[in-house]
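Notes to accompany the following structure.
What follows draws every value from the coordinates through simple rules; no lab data is involved. Source: prediction; values computed, not measured. Cβ sites come from the backbone with ideal geometry, for glycine too, and all protein chains shown count toward neighbours.
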Amino acid sequence: MQVVAPAALVVAVGIASSFVSGANEIYFLDALVSVAIVVAIYVFIGNSGVLSFGQISFVAVGAFIAGVMTVPLDSKAGVLPQLFPVLRDHTIGNVPSLLLATATGGVFAFLVGLPLMRLSGLAAGIATLAVLEITHNLLREWTKIGPGATTLSLVPETTGPLQATIGALVVVAVAFAYQRSRLGRMLRATREDAAAARGVGVNVHAQRLWAFTLSGALAAFSGALLVHELGSITTEQVYLELTFVTLAMLVVGGVSSLWGAVLGALVVSGVNSFLTEAEQGVDVGLTLDLPSGTRLILLGSLMALVLILRPAGLTGGRELRLSPPNIGSATRRRLSPRGD
Amino acid sequence: MIGLLAALDAPTVVEAFGLGAVYSLMAVGIGLVFGVLRLVNFAYGQLVMVGAYTLAFTASWPVAASIVACYAVVVALSLAMDRAVFRPLRGESPAVMLVTTFAIAFVLQAVALLIDIRDDTIGEIASSIASFNQAITVAGVDVRKITIAAMVIAVVVLALLAVLLTRTTIGLHMRAAASDIGTARLLGVQADRVIGFAVLLSGLVAATVAVILTVQNPFVGPEFALRETIVVLVGVVVGGIDRLWTATLGGFAIGFATGLINGLLPTDKTVYLPSAVFALVILVLLLRPSGLFAWGRSTTVERV
């Protein structure tokens, strides 16, 4: 049940996306790619309990390497003349670009995580934010590795309903397999009590590094899905705003469960899509026509309201179960992630 | 190192001090609220932004009235934020509190944009106070008036705050609440009063920062002070967020370092300034994770 429910929801959105009209398809694709990004972030933050603002740097790296490597060869030298020759003179297909992005993200996250995973709490959050700033700065200014401050365009739009659904499912499945594995359980033990986990022989640094690397690889994969959905991208699209929105999706859903990550991503992007339509005037029994510009205000207020009323998120940070687990309520309270 | 420092000219050093002064004010504003609430207020920059808009919209008023309006609006918003958002979140995990303040920042920016684009242009110009941005010559060095003013204001504000915290009853209560709010309440400190006072002070500082930043950059947009807030938040944690004075020093240090590195980088490499500053941040965090200025304490058990 714990993996079936999130997966079924993703498939349902995927099937729905192939039935709607072309203009609305984009909303469903956005939602599926958001699920992939948020679950990738969840793999690290949710399992380790360490805050990171840096996971979007791996989304950015994935998006740009997959984008740059799939721009058709005949136009590449014209639009991206300053690239390193190895990037400029080769072009690869859709699936290889997803794999290349995944590998690059994983390696990058491992190298960054090696020193940074010694930190925890706010220091970890700030250090990972510094990684995001450096990644953004280099991608934006260094024209040998990408388009710099201009838009990267001419990327083949291969993320349709099928690729978005399969991509999101792959990320959900990997996240589930990881959290059920020996490694995932050791990391979750460090989240509940780092000192006790150390006491039974868990290497906190190593476990966090594994999750950070896996999360980086999945985030870069999601970034590749994103660039193939949009067809063009700038460095500003994979920077602070995306960081805040995806973190908010995760927290709104409930940080410490896969179900929360998936639900949060779908609910927030659903509301966002609905409000975008409502700004143009939408018919829901009565005609709703919001003044333009109110979408962000309503979306932000809604997120703040959920967090104030339900700080543990919509799911309370629990996986979906058909019947409650057979343990006493006192034990359950003690085990619940909210208890300190 | 000496050779590098010799490459710096006097104006660069003065501007670096000026930047450090503004950042230390923002750091103290963020640190005051963190002390009593354990809440990192990401929306602090939006308080400054709202203050800047107030200055821009009242540009036709006398300068003094315009500044008073700025203080009134910012302090009112600061108190409203505490009542509507911070109070229901008391005692929640730091991540939830931080992400909620993201959402508030998001909303305030969206509101600013909505109000701002009624005249079909993004951004307003706070014309009335821009004249303080002119340069004067002090001891052979060209300095902008506002840079000197920023340094003086920062020193005065920090000194007043130090007196308040160490010489008055409410200051004592605030320090007690900052070190352990549970025990402080048992001993008769009223949480609401102390928190309200900290939020009020933090709002006053935000309004001061709004005036200084608006003079330096009279072009006000929805993202006004956003960049500065992020850098200051980083500086506060690098300095050591657990104590007000280490947080303030952290804010100063990151501003000062940014100014110096900007002067040291060759002109064609200044676009890489953020990378250089944040690489330094990572280095400092790795060497001193509990804060650059936090001496003599080590945390054996890490709590996330």
Any number yet on Rg/Rh for the stretch A:189-249, C-alpha, Kirkwood?
-> 1.17
If you take the Cα Rg of the stretch A:82-206 and divide it by 2.2 N^0.38 Å, with N the number of residues, what do you get?
-> 1.37
Taking just the C-alpha trace of the protein assembly as shown, give me its Rg and Dmax in Å.
-> 24.9, 80
Most exposed to least, judged by fewest other Cβ atoms within 10 Å, A:Leu32, B:Leu204 sort to B:Leu204, A:Leu32
Using eta = 1.567 mPa s and T = 4 °C, Stokes-Einstein with Kirkwood Rh from Cα pairs puts D for chain B, in µm² s⁻¹, at 64 µm²/s
Hey, what's the Kirkwood Rh for chain A if you take every pair of different alpha carbons, in angstrom?
-> 20.6 Å
FRET E, pair A:Leu154, A:Arg198, Förster distance 35 Å, beta-carbon r, rounded to 0.05 = 0.10
Near B:Lys145, which lysines are there with a Cα under 25 Å away, not counting those fewer than 8 places off in the same chain?
-> none
At 4 °C in a medium of viscosity 1.567 mPa s, the stretch B:1-80 has a Stokes-Einstein diffusion coefficient, with Rh taken as the Kirkwood radius over alpha carbon pairs, in µm² per second, of 85 µm²/s
Please report, for the Cα atoms of the stretch B:154-304, the Rg to one decimal and the Dmax as a whole number; what are they, in angstrom?
-> 18.0, 59
For B:Leu187 paired with A:Phe84, estimate the spin-label separation in nm (one decimal), with each label point 7 Å from Cα along the Cα-to-Cβ line.
-> 5.9 nm
Using bins 5 angstrom wide from zero, how does P(r) for the stretch A:1-129 break down, in % of all Cα pairs?
-> 2, 9, 14, 15, 15, 16, 14, 9, 5, 1, 0
Any idea what % of Cα-Cα pairs in the stretch A:62-139 are farther than 21 Å?
-> 42 percent
Give, in nm to one decimal, the length gained when the segment between A:Arg321 and A:Leu162 is fully stretched (0.36 nm per residue of separation minus the Cα-Cα distance).
-> 54.4 nm
Could you tell me the distance between the Cα centroids of the stretch A:6-54 and the stretch B:70-85, to the nearest Å?
-> 36 Å
Under a point spin-label approximation (7 Å from Cα along Cα-to-Cβ), what is the A:Ala206-A:Glu236 distance to one decimal in nm?
-> 4.6 nm
Per 10 Å bin, what is the whole-percent P(r) computed from every C-alpha pair distance within the stretch A:20-84?
-> 17, 30, 29, 21, 3
Distance in nm between pseudo-label sites at A:Ile26 and B:Val152 (7 Å out along the Cβ direction from Cα) = 5.4 nm
Exercise: per-residue mean of other protein chain Cβ atoms within 10 Å, B:269-282 | 5
For chain B, calculate the relative contact order in percent as a whole number, restricting contacts to Cα pairs under 8 Å that are 6 or more residues apart.
-> 35 percent
For the stretch A:303-308, in residue order, the Karplus 3J(HN,Hα) values (coefficients 6.51, -1.76, 1.60; θ = phi - 60°; whole Hz; Gly and Pro = x) are 5, 4, 5, 4, 5, 6
For peptide B:258-267, how many partner chain Cβ atoms fall within 10 Å of a residue's Cβ, on average?
-> 0
Neighbouring Cβ atoms within 10 Å as the yardstick, rank A:Arg185, A:Arg88 fewest first.
-> A:Arg185, A:Arg88
Between A:Val112, A:Val268, A:Val39, which gets the highest mean-square fluctuation from a Gaussian network model of chain A, Cα cutoff 10 Å?
-> A:Val112
Among B:Phe293, B:Phe106, rank each residue by its count of other Cβ atoms within 10 Å, from fewest to most, as a rough exposure measure.
-> B:Phe293, B:Phe106
Would you please put A:93-103, A:239-249, B:37-47 in order of how densely packed they are, using the mean number of other Cβ atoms within 10 angstrom per residue and starting with the highest?
-> B:37-47, A:239-249, A:93-103
Averaged over the residues of B:89-102, the number of partner chain Cβ atoms within 10 Å of each residue's own Cβ comes to 6
Between beta-carbons, use under 15 Å as the cut-off and find the net charge around B:Ala59, counting Lys and Arg +1, Asp and Glu -1.
-> -3
